[in-house]
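The block underneath contains the structure these notes are about, expressed in structure tokens.
What follows is calculated from the coordinates using simple rules that are stated; it is not laboratory data. Being a predicted model, the structure only gives us computed values, none of them experimental. Every residue, glycine as well, gets a Cβ built from its backbone with ideal geometry; the counts of neighbours run over all protein chains shown.
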Amino acid sequence: MNLKQLFTDDSAVSPVIGVILMVAITVILAAVIGSFVLNLGGSIQQTAPQASFDFDYNASGTNVTITHQSGDSVEAARLNTTGLSATPSSAEWSGKIDGTTISAGTSAEFNNTQQWSGETLRVVWSSPNGETSATLSQSTAPGGS
């Protein structure tokens, strides 16, 4: 047995590398097709908008005006305000504004049957398919302990 010839003989390397590459390409292709078929990447594109809101509480403590200060325009149907002590505990923006888009300068007034007094109010965005949501802004009402 010639040991030198064993290390220099590479006649079987090419078919082995070819088989490995074919298996790798098949696995990658199957993963890509599977993600499209199962729509696994659909919710990735639904990112929350970046927006800043200002909360202005009136002197009696029963009303708050929430104003979109800056950032992305948001569809009114995607926003609601949570943390209200009155029933219901959340209110949608779509019935509170003129138009369908909330942009910088748009305001909505929310009323409460009692004082806000220390409650945390949040402006919450929901994705169109309802899979994800994000708090865009929050404020704690004055007068709480």
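Can you list the residues of the range 94-118 with backbone N under 19 Å from a point 7 Å past the Cα of Ser52, pointing along Cα to Cβ? Only 102-108 pass the distance filter.
With the contact rule set at Cα under 8 Å and sequence spacing of 6 or more, what percent relative contact order holds for the range 48-140?
32 percent
Karplus-derived 3J(HN,Hα) values for the range 47-63, using 6.51 cos²θ - 1.76 cosθ + 1.60 with θ = phi - 60°, are 9, 5, x, 9, 8, 10, 10, 10, 10, 10, 8, 7, 5, 6, x, 9, 10 Hz; glycine and proline are entered as x. Ordered by the count of other Cβ atoms within 10 Å of each Cβ, fewest first, Ser117, Ser103, Ser14 give Ser14, Ser103, Ser117. Projected label points at Ala24 and Thr120, each 7 Å from Cα along the beta carbon direction, are separated by 4.9 nanometres.
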